[in-house]
1. Within the range 57-91, how many residues turn out to be assigned to a loop (DSSP other than H, G, I, E, B) and under 20 Å from the mean Cα position of the chain (by Cα)?
2. Could you grab me the full set of residues in the range 142-168 that are outside any loop (DSSP other than H, G, I, E, B) and touching a helix residue (DSSP H, G or I) at 6+ places or on another chain (Cβ under 7 Å)?
3. For the range 252-287, enumerate the residues that are assigned to a loop (DSSP other than H, G, I, E, B) and either in contact with a strand residue (DSSP E or B) (Cβ under 6 Å, 6 or more places away or on another chain) or more than 17 Å from residue 214 (Cα to Cα) (or both).
4. Return yes when residue 252 is within 20 Å of the chain's Cα centre (by Cα), more than 23 Å from residue 58 (Cβ to Cβ) and at pLDDT 90 or above and no when it is not.
5. Part of a helix (DSSP H, G or I), modelled with pLDDT under 95, under 26 Å from residue 84 (Cα atoms) and over 15 Å from the mean Cα position of the chain (by Cα): is that true of residue 137 in this structure?
6. Take residue 221 and tell me if it is free of Cβ contacts under 8 Å to residues at least 12 places away in the same chain and in a helix (DSSP H, G or I).
7. Would you point out the residue of the range 281-305, among those that are at pLDDT 90 or above and in contact with a helix residue (DSSP H, G or I) (Cβ under 6 Å, 6 or more places away or on another chain), that is surrounded by the fewest Cβ atoms within 10 Å (Cβ to Cβ)?
8. Name the single residue that is farthest from the chain's Cα centre (by Cα) among those in the range 92-117 being crowded, with 24+ Cβ neighbours inside 10 Å and more than 20 Å from residue 77 (Cβ to Cβ).
């Protein structure tokens, strides 16, 4: 059971040691700092998605939340009447998180109350959010592909001048949501719903309420990730989240959380984030073209899904 729960940790350690020994510049302080900063926002958004996947669902809208939050956040910080005031950064942070929570509420209501499949509900909001991001970007940025000039106080959230700050934010979020999943009644109910929602409801678990909360959590954490990504990038970009979904879902699946629900957790996702970001980092240092990097990531996700299925079947045979 220990090997099953922590296999990606061992795989990560093997790859990390290989990187230290055989990849030029991998062991430099600059690269390690950059690697950890890249892990931070991915861990935040993937933590939220983990909650949804544990329920057997999916949330496609996380990428559009990142893009829309980036566009509106940059506008508020640089071009709005709020720009340059002491309230600019804190209010922008609240608004971006609020955007994520609003998407989460819509997704949660659609799935829990209207009984829409999460695939359909969140794909719809993803398309709407991505369209709004590009539309607002074309209007607010006046044709430019991005909007820079973000204040230093905001960029610090992405690690500028304080590389440890996004890592600290991600660590705090990881600890809180891992504790919620492992030590609270709410966490136990999430696993019960993922295994069998009908049985959980008969047992007195508030299934609809919990499913609603899962999507709110996912949306809110995607908003936090949008803040970190935008601050790290130093600019608002309407398409910022477009290519991130493979990394977000890949981190959850590679980590070992079962896409069918009921097995896995935030700790598993941490392993997936560390490993997938490590693979990207090593391949980039080796000068591998980006499309090959995506091919390798896709193959890793498929391999992880197959391994999950094998372990699941072995576990079922063992119980039998």
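1. Number of matching residues: 5.
2. 147, 153, 154, 155, 156, 157, 158, 165, 166, 167
3. Across the range 252-287, the qualifying residues are 256, 286, 287.
4. no
5. So residue 137 passes the test.
6. Details: free of Cβ contacts under 8 Å to residues at least 12 places away in the same chain: no; in a helix (DSSP H, G or I): yes.
No.
7. In this case the residue turns out to be 283.
8. Here the answer is 111.
The values are calculated or read from the model by the stated rules, or taken from the named source; none is laboratory data. Treat the numbers as computed from the prediction; the structure is a model and nothing was measured. Glycine also receives a Cβ, built like all others from the backbone with ideal geometry; neighbour counts cover every protein chain displayed.
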